[in-house]
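The values are calculated or read from the model by the stated rules, or taken from the named source; none is laboratory data. Model, not experiment: these values are computed from the prediction. Don't worry about glycine lacking a Cβ; one is built from the backbone with ideal geometry, like all the others, and counts go over all protein chains shown. Note: accessible area is taken over every heavy atom of the protein model, side chains too, but ligands, DNA and RNA are not part of it. Shrake-Rupley method; radii C 1.70, N 1.55, O 1.52, S 1.80 Å.
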Amino acid sequence: MDRIILHCDLNNFYASVECRKHPEWEGLPVAVAGNPEKRHGVVLAKNELAKSFGVKTGDVIWQAKQKAPDLVVVAPHFDEYMYFSKRAFDLYSDYTCYIEPFGPDECWLDCTGSTKLFGSGEQIADRIRADMIERLDLTVSVGVSFNKIFAKIGSDLKKPNGTTVITRENFREKLFPLPVSDMMSIGRKTDEKLAKLNIRTIGDLAAADPAMLKSHFGINGLKMHAYANGNDVEPVREYVKSRKIESVGHGMTALRDIDELDDARAMIFYLCEMITTRMRKYKVRGTGVSVNLRSSNLKHITRQKKLKVPTYATSEIAACAFSLVVANKSSMPLRTVTVSVYGLIPYGGYVQTSMFDDKPNEKEESLERAVDEIRAKYGKKSISRAIVLGKDFIYDKTDAEDFLPFQR
């Protein structure tokens, strides 16, 4: 028997939450956009009316207003989005415990075992859509299929507030004419490479020679071919089973270009402190550091380096990251800096240390745990590193602002 997989996609999520709070905006185009003073002046989300004017995610605010002169622009309120996201996921859990997030506004549900209680996949989707309006005053589009890939495509086909059912009998008719880029895991560069092979639709991909695809794309070529033919057997994880954390990172676009190494070092420390705070929350140490540097001309490089010993100490991780910046200072002036810590191991894991070092990070790590306690009691800004004070290119960045896709 085929699985019954649903993909639920809250329509224009950020904008819908904002419009929900402001009924006076009914009949007006609305866009949620970042602060232009922080170089975040781009559209993050828009309502259906703004979309009808051609406003797109990623448009700069002035471009969006050229398309829709009456556009209402509102700053994002991420805490509220997380609140409604949690309520939506609570709603989904009424129907199944197999819920896999794909961002704050999207998820897959495996409802194979729920049909005796709630009816067919289509009936469950329609009930979810009705519940979403009644409980949260939001709309959701739902794709119903026998695998995750097709269910996700289906949720895009009827927006807003629609249900699309894709079966083994109709998937060729419904999906094969669609652009191959509509299929998850096919980004712009892969789409361009496929076009050079005269593969432009999902049907073209399904009919392509697997050996040829493997020669151009490796194992991913075989996966793409399988997905296009409906051969996706990846399970939907239970809601309580979180995605394994492979790395912890943070990035920031500076308020002005960074052209001095001292300023780069301050930025590194600021990012690393946020990273290590999350590492302690996850109870992990890292074994390697990666930096991604984007220069003022928008060229970027990525470099990485192993740590001497696993740690969550800010100073050691920052020193490693800064050494990578110094080794690649030709990339300056910098516009964006991103630091990631990878090779994570749990606190209690065995650690290979140097024979000359005895518990090399104990004092530093103990100090940082004490800082966590102070901030938990008196607030995030109660204690700060001197190196970041007074820097005019750093703004207050929080985890809520990052709105990590798998934060839950």
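Under the rule a/c < 1.5 gives rounded, and otherwise a/b versus b/c splits prolate from oblate, where does the stretch 146-263 land using the Cα gyration tensor? Show your work: numbers first, answer last.
Values: a/c = 1.97, a/b = 1.50, b/c = 1.31.
Since a/c reaches 1.5 and a/b is larger than b/c, the shape of the stretch 146-263 is classed as prolate.
At a probe radius of 1.4 angstrom, the accessible area of the stretch 143-248 per residue rounds to 54 square angstrom.
Between F89 and D262, what FRET efficiency follows from the Cβ-Cβ distance if R0 is 56 Å, with the result rounded to 0.05? Before the final figure, lay out each step's value.
Details: r = 44 Å, r/R0 = 0.79.
For F89 and D262, the calculated efficiency is 0.80.
Accessible area of H77 (1.4 Å probe, protein heavy atoms only, ligands and nucleic acids ignored): about 70 Å².
Carbon-plus-sulfur fraction of the accessible area of the stretch 288-335, 1.4 Å probe, in percent?
Values: 1200 of 2320 Å².
After summing per-atom areas, the C and S share lands at 52 percent.
Between the alpha-carbon centres of the stretch 60-134 and the stretch 301-335 there is a gap of 38 Å. Subtracting the Cα-Cα distance of I374 and D70 from their residue separation scaled by 0.36 nm leaves 104.8 nm.
In this structure, A207 and T302 have a Cβ-Cβ separation that, at R0 = 35 Å, corresponds to a calculated FRET efficiency of about 0.45.
In this simple spin-label model, placing a label point 7 Å from the Cα along the Cα-to-Cβ direction at both S215 and E26 gives a separation of 6.1 nm. Shown for the stretch 148-241: the carbon plus sulfur share of the solvent-accessible area, taken with all protein chains present and a 1.4 angstrom probe, equals 52%. Think of the stretch 187-229 as having a plus end and a minus end, set by charges on the Cβ of Lys, Arg, Asp and Glu; of A207, T190, M224, T190 sits farthest toward the positive end of this dipole.
Using only the Cα atoms of the stretch 1-131, build the gyration tensor, take square roots of its eigenvalues as a ≥ b ≥ c, and label the shape rounded, prolate or oblate: rounded if a/c is under 1.5, else prolate if a/b is larger than b/c, else oblate. Can you show the working numbers first?
Numbers: a/c = 2.61, a/b = 2.36, b/c = 1.11.
Prolate.
For the stretch 82-125, the carbon plus sulfur part of the accessible surface works out to 55%, probe radius 1.4 Å. For the set K152/K196; K189/K299; K158/K223; K46/K299; K51/K86; K193/K223, the pairs lying more than 19 angstrom apart at their alpha carbons are K152/K196; K158/K223; K46/K299; K51/K86.
Averaging Cα coordinates gives a centre for the stretch 274-297 and one for the stretch 173-222; these two points are 34 Å apart.
Using label points projected 7 Å from each Cα along Cα→Cβ, tell me how many nm separate L255 and L178, to one decimal. Result for the modelled spin labels: 4.3 nm.
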